[in-house]
Amino acid sequence: MNKLYNNAHEAIIDVKDNNTIMLGGFGLCGIPENLIQALVKKGTKNLTCISNNAGVDDFGIGLLLKTRQVKKMISSYVGENSEFERQLLNGELEVDLIPQGTLAERCRAAGAGIPAFYTPAGVGTEIAKNKEIKLFNGKEYILELAFQSDFAFIKAWKGDALGNLIYKGTARNFNPMMATAGKITIVEVEELVPIGSLDPNIIHTPSIYVDRIFEGKNYEKRIEKITTQ
Amino acid sequence: MGLNKFQIAQRISQELNDGDYVNLGIGIPTLIANYIPNNISVIMQSENGLLGMGPFPKREDVDPDLINAGKETITTLDGSSIFNSSESFAMIRGGRVNLTVLGAMEVSQAGDIANWKIPGKMVKGMGGAMDLVASAKNIIVAMMHTNKKGESKLLKKCSLPITGINCVKKIVTNLAVIDIENNNFILKEYAPGVSVEEIKNATEGDLIIADSISEMCLQ
């Protein structure tokens, strides 16, 4: 068993045009920086990206939007990216905006073998259109489907060669669910550590979910809004 | 006219109870954290995966791996916990968060809220707002009473795409504190220096004056 790759370029060698990719992160926090940059370099087109946000104009998924590699975005909040807004209002980009909790649960369900679930989020709104509504205990719920994705791009703090992962701070966010949900899950870690050095009690993502792992380089970890006392 | 945004936040802070788990939206709601009464303890939930959100960091303590749902750098506190997004919304949909405060573009007298989209103009997305308003036990809206054109934001029916139905319980604006009951706005408190007549004129929906109406107390 070898899950270990040298770099992002080698790890995404079989990503193809028209693939669907989940990308972890909330804003620019916990995004797979190396994998995104490798994808820009590779030039893969017509991608469907599932990610809570769409980055900013010149970082994160914003880099893939700029190079017009994204056909469709599935996100909950995209307010930080003016190029995104421009492409959307001009009809150049397909966008599916869905509630953040539903986005998270559609990832979780996908990884847990649950094809669909009911949620109260969005009842009575335009996102409930054409979806099955069912009453439970007198309250309406919407049927939502698990995602299907070819790849999941994950950023973790530390990981071992087996693929056991831990995340740091709020950089965890969507990464653990997405790690369970990709047909192929590719992980970049800030620090690759020897097998056995991570305490089994504190593993966030068990190795079974991870197909490929490598140690990332040159993390910029850009902050969107530096707020201080 | 009436309160500024800091005073709106200050008034809403009076609605907090000891032991509450609270989710504060972006904008005016975030300011409420500055006015938590000293004699109570509340725990802030940030839907990107943190319970026990602390104040902004000192410059030297800024950590790119520690942000709130508004993407601002923050800190943890003794007793904080960090979790993934799925778990975060499990506690929200599961009804564990006692109070949600958020901003709005429009609120209807049925308690519908619109705050995520202006067709053809603004496309930002709903973020966690639809999940929050579908499940929170108590939802307070913090907003200005009228929009930039001077039009009422308290309407019979929302004109913008809604975020959730029949969910808002209370609105605190620069002019008034208004409860929503039985498809009516109930005027409970007026801001210092603001007349009931001015509030009526700024409210498009049906407004009932509460018997117990009083002036807002800010302290």
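The values are calculated or read from the model by the stated rules, or taken from the named source; none is laboratory data. These numbers come from a predicted model, not from an experiment. FYI the Cβ positions are ideal-geometry reconstructions off the backbone, even for glycines, and counts take in every protein chain you see. Ligands, DNA and RNA are excluded from the accessible area calculation, which covers all protein heavy atoms including side chains. Shrake-Rupley method; radii C 1.70, N 1.55, O 1.52, S 1.80 Å.
With the full set of protein chains in place, find how many percent of the accessible area of the stretch B:5-215 is carbon and sulfur; take the probe as 1.4 Å.
Of the solvent-accessible surface of the stretch B:5-215, carbon and sulfur hold 47 percent.
Rg/Rh for chain A: what does it come to with C-alpha atoms and Rh from Kirkwood?
Numbers: Rg = 17.6 Å, Rh = 18.1 Å.
Ratio value, two decimals: 0.98.
Per 10 Å bin, what is the whole-percent P(r) computed from every C-alpha pair distance within the stretch B:104-178?
Histogram of Cα-Cα distances, whole percents per bin: 20, 56, 24, 1.
Relative to the Cα centre, what is the charge dipole magnitude of chain B, using +1 at the beta carbon of each Lys and Arg, -1 at the beta carbon of each Asp and Glu, and rounding to the nearest 20 debye?
Working: 20 positive and 24 negative charges, 131 e Å.
My answer is approximately 620 debye.
I'm a student and want to see the number: the projected area of the Cα convex hull of the stretch B:49-138, averaged over all directions, in nm².
Values: hull surface 30.3 nm².
One quarter of the hull surface, i.e. the mean projection, equals 7.6 nm².
Stretched out fully, how many nm does the piece from B:M122 to B:A210 gain, at 0.36 nm a residue minus the Cα gap? Don't jump to the answer; show the numbers that get you there.
On the way: separation 88, 0.36 × 88 = 31.68 nm, distance 3.65 nm.
In short, 28.0 nm is gained.
Taking a probe of 1.4 Å and counting only protein heavy atoms, give the total accessible area buried between chains A and B in Å², rounded to the nearest 100. Walk me through the intermediate numbers first.
Working: alone 11490 and 11360 Å², together 18820 Å².
Answer for the A-B pair: about 4000 Å² buried.
Cross-link list B:K71/B:K188; A:K16/A:K71; A:K72/B:K124; A:K72/A:K131; A:K42/A:K66; A:K158/A:K221: which exceed 23 angstrom alpha carbon to alpha carbon? Display every interim value, and only then the final one.
On the way: B:K71/B:K188 35 Å; A:K16/A:K71 13 Å; A:K72/B:K124 15 Å; A:K72/A:K131 20 Å; A:K42/A:K66 14 Å; A:K158/A:K221 15 Å.
Exceeds cut-off: B:K71/B:K188.
Highest mean first, how do B:106-118, A:89-101 rank when packing is the count of other Cβ atoms within 10 Å averaged over residues? Working shown, then result.
Values: B:106-118: 23.0, A:89-101: 18.2.
Top to bottom by mean Cβ count within 10 Å: B:106-118, A:89-101.
Provide the per residue accessible area, probe 1.4 Å, for the protein assembly as shown, rounded to a whole number of square angstrom.
42 Å²
Name the residues of the stretch B:11-58 whose accessible area, probed at 1.4 Å, falls by at least 20 Å² once all protein chains are in place instead of their chain on its own?
The answer is B:N48, B:F56, B:P57, B:K58.
When the Kirkwood hydrodynamic radius is evaluated over all pairs of different C-alpha atoms of the protein assembly as shown, what value in angstrom, to one decimal, is obtained? Mind dumping the intermediate values first?
Numbers: mean 1/r = 0.0440 Å⁻¹.
Across the protein assembly as shown, the inverse of the average 1/r is 22.7 Å.
Between B:E60 and A:E92, take the C-beta separation as r, use R0 = 45 Å, and let me know the FRET efficiency to the nearest 0.05. Walk me through the intermediate numbers first.
Working: r = 43 Å, r/R0 = 0.96.
Step by step, r from the Cβ atoms, then E = 0.55.
Say R0 is 30 Å: what FRET efficiency, to the nearest 0.05, do B:K149 and B:E197 get from their beta-carbon distance? Could the numbers behind the result be given before it?
Working: r = 21 Å, r/R0 = 0.69.
E between B:K149 and B:E197, to the nearest 0.05, is 0.90.
I need to check one value: relative contact order of chain B, counting alpha carbon pairs closer than 8 Å and at least 6 residues apart, in percent. Walk me through the intermediate numbers first.
Details: 487 pairs, mean separation 42.8, N = 219.
Reported relative contact order: 20 percent.
Averaging sequence separations of C-alpha pairs under 8 Å and six or more residues apart, then dividing by the length of the stretch B:102-207, give the relative contact order as a whole percent.
On the way: 229 pairs, mean separation 34.2, N = 106.
Computed over the stretch B:102-207, the figure is 32 percent.
May I have the pair-distance distribution P(r) for the stretch B:5-215, computed from all Cα-Cα distances with 10 Å bins from 0 and rounded to whole percent?
Spelled out bin by bin, the stretch B:5-215 gives 8, 34, 35, 18, 4, 0 percent.
Take the Cβ-Cβ distance between B:A90 and B:N39 as r, set R0 to 41 Å, and report the resulting FRET efficiency rounded to the nearest 0.05. Could the numbers behind the result be given before it?
Numbers: r = 31 Å, r/R0 = 0.76.
Plugging the Cβ-Cβ distance into 1/(1 + (r/R0)^6) gives 0.85.
Give me the aspartates and glutamates in straight-line cross-link reach of A:K45: C-alpha distance below 16 Å, same-chain residues under 8 apart excluded.
List returned: A:D14, A:D17, A:E92, A:E94, A:D150.
With each label point set 7 Å from Cα along the Cα-Cβ vector, what nm distance links A:D14 and A:V193?
According to this spin-label approximation, the distance is 3.0 nm.
Go ahead and set up a Gaussian network model of chain B, Cα springs under 10 Å, then flag whichever of B:G127, B:G79, B:G25 fluctuates most.
In the Gaussian network model the winner is B:G79.
Apply the Karplus parameterisation 6.51 cos²θ - 1.76 cosθ + 1.60, with θ equal to phi minus 60°, to every residue of the stretch A:66-73 and state each ³J(HN,Hα) to the nearest whole Hz, in sequence, with x for glycine and proline.
4, 8, 6, 8, 9, 8, 9, 10
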